[in-house]
Structures are given as C-alpha cells and as structure tokens.
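Report on the following structure.
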Amino acid sequence: MKKSFFSLGAVAVGLAFILSTVFSFFLMEHPDEKDREFSLMLAGRVNDVVTDEILRPLLVSRTMSNDNLLVEWLQHEEEHPLGENVLAMQNYLSRLKEEFGYTSAFLISEKSHCYYTYRGFNKIINPLNDPHDKWYPTFIKKNIAFELNADTDQVNGNHWTIFINCRITSPDGTLLGVCGVGVVMDHLRQIMEEYEKQYGVKINLVDSNGLVQMAVDYSDIQRMYLNNIELDEADDDYSVRQSMRKYRISKYLKELGWYLVVQTGGHVSNSKFIPLIILNIITAVILIVLFYLVIYLKEKNGAGKNSDPNPLDEVTGLPNRLYFTEAYGENGIFNTTRYKCFIVFDIDHFAAEQKKRPGLPLIKLTADIAKHYFDMNGLLLRWRSDTFVVLSEQEIGASMDLCRDFCRHVLEELEITISAGVAPIVLTDSIKKNYYAAMQGCYAAKFAGGNKAVLHQGETL
C-alpha cells in the first residue's frame with residue numbers, strides 16, 4: 001500500500017513537471033530578435049576586452065623581436081662568455097618586465113639553446129628530455145612570426161600564463177631565436193568571470209582545433225575541446241549558432257591567432273516570464289497538496305504498523321526488533337532449544353557520554369565490539385537506542401563470562417561502562433517474560449553502579 005502511494009506521488013510529480021517542461025518549450029521555442037542582437041553586442045564587448053588585454057603584450061613582444069640591438073647581440077652571442085651574456089640579458093629582460101609590468105620576459109637563442117629570463121640563465125632548451133620544452137621546436141616548424149601559447153610558467157610558481165612567442169630573424173631571414181613576454185591569466189580570468197556572472201554566459205578562447213586555451217575554469221585549459229563551432233580564419237564576421245534560446249557565437253581574432261567563443265543563454269522578456277511564474281506556482285501547489293495527501297493516506301492506513309520496515313539497523317548493520325518480532329513474536333514462546341540465555345545490555349549514561357564526545361559514534365563502536373563476543377555464540381540484535389539483546393547459545397556460566405569480557409573490553413577501548421542482565425531462557429514462559437527477566441538483571445546492574453552483568457536469579461559479577 002505504501003509503495004502504491006509513493007508511486008502515485010511520483011506519477012503526479014512527473015506529470016506536473018512534464019507539463020511545465022512542455023509549456024516552457026513552446027514559450028521558448030521562437031527566440032526574439034532582441035536576444036540575438038544582445039548576444040552579438042555582448043560578444044563584441046568581450047572581444048574588445050580580450051583583444052585589448054592581449055594585444056598590448058603582443059605588441060611589446062613584436063617590438064622585441066625587431067629590436068636591432070637584440071638581433072645584433074644574438075648574431076655575436078658566441079663571442080662573449082656565458083656569464084657576460086647572462087648578465088646582459090638579465091638586465092635587458094628585467095628592465096623590460098618592470099617597465100611594462102609583465103610577469104615574465106624571456107629570450108631563447110637558436111645557436112646555444114640558452115633560455116634567458118629576467119632572473120638570468122634558466123636552462124638549456126632540451127625537448128627530448130623535458131616535455132615542457134616541446135613547444136619550442138613546434139613553434140619553429142610552423143615558420144610563423146608569432147604565436148600565443150597557454151602554459152604554466154616554471155619560473156613563476158607554475159601559474160597559468162599566456163606566453164607571446166615571437167620569432168627573431170636576421171635581415172637575411174636566418175632564425176636567431178624566440179623572444180616574448182608572459183602574462184598571468186588571473187586578471188583576464190577575473191574580467192571573464194565578471195562577464196559570465198553578470199550576463200550568464202560562458203567565455204572561452206580556443207585554438208584552430210577547438211582546444212580551450214583560456215577559460216574561467218583553469219581545469220578546462222588544454223583539456224577540453226569545444227565542438228560544433230565555426231572555425232574559419234578567413235571570416236572576419238561573427239558566426240552564430242542558435243539552439244532554442246541559446247547562442248554560440250564565435251569569431252577569429254586574427255591579431256591573436258585564437259578564436260573567441262561566447263555561449264549565451266538568451267534573455268526572456270518580461271511578457272514571457274509571467275506565464276512561467278504562474279505555471280511554477282501551480283506546480284508548487286500541486287506538489288504541496290500531493291505531499292499532504294500522501295501523508296494523510298499513510299497515517300490513515302498505516303496506523304498500528306511498525307514505522308521501520310527495515311529488519312536491519314542502519315547504524316550497526318545488526319538485526320533489529322522488527323526482525324525479532326517477525327521471526328519469533330514477542331508474546332509467543334521459543335520454538336527452539338538452541339538458545340540457552342537471554343541477555344539485555346545497554347550503555348551506562350549514554351546521553352551524557354555521547355554529549356561529551358559528539359564526534360564518536362558510541363552506538364556503532366559498542367556494537368562492533370559486541371559482535372566479536374556474541375556473533376559466534378548466538379544472535380545479537382539492536383533493540384532500541386543504546387539497548388541490545390543477545391540470544392545466547394551458551395549456558396549461564398559461559399554467557400556470564402562473555403558478558404564480563406565484553407564489559408571489560410568496552411571500558412578499556414571506549415572508556416564507557418556497560419550494564420548487562422542475564423536470564424536463563426525458560427521455554428514454557430513467553431518470550432516477553434524471558435525478556436523482562438533479563439531486563440530486570442540489567443536494571444539491577446545499573447543500580448549497583450554499572451560496569452557489570454547481573455544474573456536475574458541474584459548472582460552478581
């Protein structure tokens with residue numbers, strides 16, 4: 001019966017949301033021209049910001065690559081000792097870095113493969129041994145004037161950085177090296193994040209393969225590909241793909257060599273918000289009425305039934321009182337001679353002990369220890385709260401020994417005490433009467449100060 005009620009509720013909830021989804025679909029199916037115009041305007045603003053942020057360091061790098069002093073120095077690099085070269089390049093690059101405020105400035109000599117930074121000599125470029133250096137031969141083979149490269153900066157704490165790599169050549173076209181500056185992505189990322197939060201869009205910069213080179217989420221960089229986007233270097237206009245009210249706008253930024261991709265979610269006019277709000281209110285009312293109806297029917301038809309249909313306790317994994325009731329009943333008698341003693345135990349001053357150590361699951365830990373002593377010697381159950389029941393297969397003496405050892409173990413490991421009552425099972429008495437006999441022993445143990453087991457016949461530990 002209970003399952004049918006919840007099934008009915010699930011069907012009703014499903015129908016309500018299907019209705020809401022279908023209705024919303026028809027409302028949102030035909031986008032307004034204003035949405036398209038807004039999306040294009042927003043993409044244009046993002047384009048201006050991104051281009052401005054990267055174009056300035058690109059111009060600086062291009063200026064470096066055409067610096068006659070730098071070209072002449074590279075042509076005569078081998079005429080000077082390494083120490084002198086390092087000092088000269090450190091002064092040159094650090095001055096440039098400080099003047100323009102970039103996080104990195106570098107130079108690589110094609111002759112020596114020396115990698116100079118504003119801090120001095122960094123290393124010898126060796127793509128075979130260092131995967132971080134593979135970008136250099138890749139860039140050289142492309143035979144292009146410059147390229148943007150997103151990578152972690154080994155010199156500056158491995159922060160994600162946009163490197164502008166520029167080719168340096170002699171007047172006759174001979175390759176002399178590569179130079180450039182690096183810009184940490186944090187500032188551009190912050191600007192992109194503000195746009196994303198303010199307008200509900202997603203902004204990415206990708207290469208010609210659709211591989212993300214710049215994103216608000218750093219984990220997407222050089223890991224995620226964007227599919228179904230227009231990547232046409234010859235097209236100076238914005239390319240727009242529309243699905244429902246969502247737009248994916250892409251544009252090739254020829255100054256940077258990357259593509260800007262802005263994904264917008266559309267903007268619903270106020271006239272279309274009103275029916276959506278009304279529909280959501282109706283759906284909420286339906287769900288509330290359905291909820292109370294299910295509760296009412298459950299209480300009406302489930303009165304007198306056990307509220308916990310699960311025969312296993314969720315905390316300890318032990319069988320619970322429902323399991324015991326279904327297996328034996330509480331008013332009947334035992335139909336087996338397998339069990340010799342009825343044991344009831346609980347934790348002394350449980351509420352106070354748990355309050356002192358709120359992070360320690362005393363119930364579960366106590367049950368784990370109890371399993372070690374009673375699982376192989378009978379049936380262990382969690383009766384309620386901190387009270388447990390054991391149907392022991394051992395005679396009185398052995399059962400009392402088990403209880404002694406169990407109490408001692410709990411005290412040593414958990415620093416709490418246990419009170420246990422033991423009663424021999426009388427087959428002619430009802431199960432409930434046997435339970436009460438053991439419970440009286442448990443109470444007697446508590447009155448005696450706890451941390452002991454008491455046999456109902458009067459013998460104490």
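The values are calculated or read from the model by the stated rules, or taken from the named source; none is laboratory data. Bear in mind that the values here come from a model prediction, so they are computed numbers and not experimental data. Please note: Cβ atoms are built from the backbone with ideal geometry, for glycine as well, and neighbour counts cover all protein chains shown. Heavy atoms of the whole protein, side chains included, go into the accessibility calculation; ligands, DNA and RNA do not. Shrake-Rupley method; radii C 1.70, N 1.55, O 1.52, S 1.80 Å.
Give the stretch 68-85 a look and list any residue that's surrounded by 16 or more Cβ atoms within 10 Å (Cβ to Cβ) and free of Cβ contacts under 8 Å to residues at least 40 places away in the same chain, or say none. Talk me through it step by step, then tell me what you get.
First, the residues of the stretch 68-85 that are surrounded by 16 or more Cβ atoms within 10 Å (Cβ to Cβ): 70-71, 73-74, 77, 85.
Within the stretch 68-85, W73, E77, N85 qualify.
Which members of the stretch 331-345 meet the condition of being in a loop (DSSP other than H, G, I, E, B), within 21 Å of A420 (Cα to Cα) and either open to solvent by less than 40 Å² (accessible area, probe 1.4 Å) or in contact with a Leu (Cβ under 6 Å, 6 or more places away or on another chain) (or both)?
Y339
What pairs can you find where one residue is in the stretch 116-137 and β-branched (V, I, T), the other is assigned to a helix (DSSP H, G or I), and their Cβ atoms are less than 6 Å apart, with a gap of 6+ or different chains?
Correct list of pairs: T117/V155; I125/D133; I125/Y136.
With the checklist (1) within 24 Å of G449 (Cβ to Cβ); (2) open to solvent by 60 Å² or more (accessible area, probe 1.4 Å) in hand, flag the one item D375 doesn't pass.
All conditions pass for D375, except number (1).
Could you list, in sequence order, the residues of the stretch 412-460 that are closer than 26 Å to P361 by Cβ and surrounded by fewer than 17 Cβ atoms within 10 Å (Cβ to Cβ)?
E412, E413, E415, Y443, G449
Restricting the search to the stretch 147-156, which residues are open to solvent by less than 60 Å² (accessible area, probe 1.4 Å) and either at pLDDT below 85 or of a type in the set (S, T, Y) (or both)? So that I can check it myself, show each step before the final result.
Taking the stretch 147-156 and keeping what is open to solvent by less than 60 Å² (accessible area, probe 1.4 Å), we get 147-153, 155-156.
Passing the criteria: N149, A150, D151, T152, D153, V155, N156.
Looking for something more than 40 Å from the chain's Cα centre (by Cα) and open to solvent by 40 Å² or more (accessible area, probe 1.4 Å) - is there at least one such residue anywhere in the stretch 41-53?
There is no residue in the stretch 41-53 that is more than 40 Å from the chain's Cα centre (by Cα) and open to solvent by 40 Å² or more (accessible area, probe 1.4 Å).
Of all residues in the stretch 192-208 being polar (S, T, N, Q) and at pLDDT 85 or above, which is nearest to Q263 (Cα to Cα)?
Residues of the stretch 192-208 that are polar (S, T, N, Q), as a first pass: 198, 204, 208.
This time we only want the ones that are at pLDDT 85 or above, so: 198, 204.
Details: Q198: 14, N204: 9 Å.
Ranking the qualifying residues of the stretch 192-208, first place goes to N204.
Would you confirm whether or not the stretch 225-244 contains a residue that is at pLDDT 85 or above, assigned to a loop (DSSP other than H, G, I, E, B) and either on the phi < 0 side of the Ramachandran plot or open to solvent by less than 30 Å² (accessible area, probe 1.4 Å) (or both)?
Taking the stretch 225-244 first, the residues at pLDDT 85 or above are 225.
This time we only want the ones that are assigned to a loop (DSSP other than H, G, I, E, B), so: none.
No, because not a single residue in the stretch 225-244 is at pLDDT 85 or above, assigned to a loop (DSSP other than H, G, I, E, B) and either on the phi < 0 side of the Ramachandran plot or open to solvent by less than 30 Å² (accessible area, probe 1.4 Å) (or both).
Is one or more of the residues making up the stretch 94-111 among the hydroxyl-bearing types (S, T, Y), part of a helix (DSSP H, G or I), in contact with a strand residue (DSSP E or B) (Cβ under 8 Å, 6 or more places away or on another chain) and surrounded by fewer than 20 Cβ atoms within 10 Å (Cβ to Cβ)? Steps first, please.
Step one: list which residues in the stretch 94-111 are among the hydroxyl-bearing types (S, T, Y), which gives 94, 102-104, 109.
Now drop any that are not part of a helix (DSSP H, G or I), which leaves 94.
Within this subset, residues satisfying the condition of being in contact with a strand residue (DSSP E or B) (Cβ under 8 Å, 6 or more places away or on another chain) are 94.
Still in the running and surrounded by fewer than 20 Cβ atoms within 10 Å (Cβ to Cβ): 94.
Yes, the stretch 94-111 has at least one match.
Do we find that N91 is surrounded by 12 or more Cβ atoms within 10 Å (Cβ to Cβ) and more than 23 Å from L256 (Cα to Cα) in this structure? Break it down stepwise before answering.
Working: surrounded by 12 or more Cβ atoms within 10 Å (Cβ to Cβ): yes; more than 23 Å from L256 (Cα to Cα): yes.
Spelling it out, N91 is indeed surrounded by 12 or more Cβ atoms within 10 Å (Cβ to Cβ) and more than 23 Å from L256 (Cα to Cα).
Any residue in the stretch 99-110 that is over 12 Å from S65 (Cα atoms) and free of Cβ contacts under 8 Å to residues at least 12 places away in the same chain sitting within a Cβ distance under 8 Å of a residue that is hydroxyl-bearing (S, T, Y) and in a loop (DSSP other than H, G, I, E, B)? List the pairs, counting only those 6 or more apart or interchain.
none
Restricting the first residue to the stretch 162-181 and requiring it to be in a loop (DSSP other than H, G, I, E, B), which pairs with a second residue that is open to solvent by 20 Å² or more (accessible area, probe 1.4 Å) meet a Cβ separation below 7 Å and a spacing of at least six or different chains?
S170/Q75
Could you list, in sequence order, all residues of the stretch 163-184 that are over 28 Å from E53 (Cβ atoms) and either open to solvent by less than 40 Å² (accessible area, probe 1.4 Å) or of a type in the set (S, T, N, Q) (or both)?
Keep residues of the stretch 163-184 that are over 28 Å from E53 (Cβ atoms), which gives 170-176.
Selection gives S170, T174, L175, L176.
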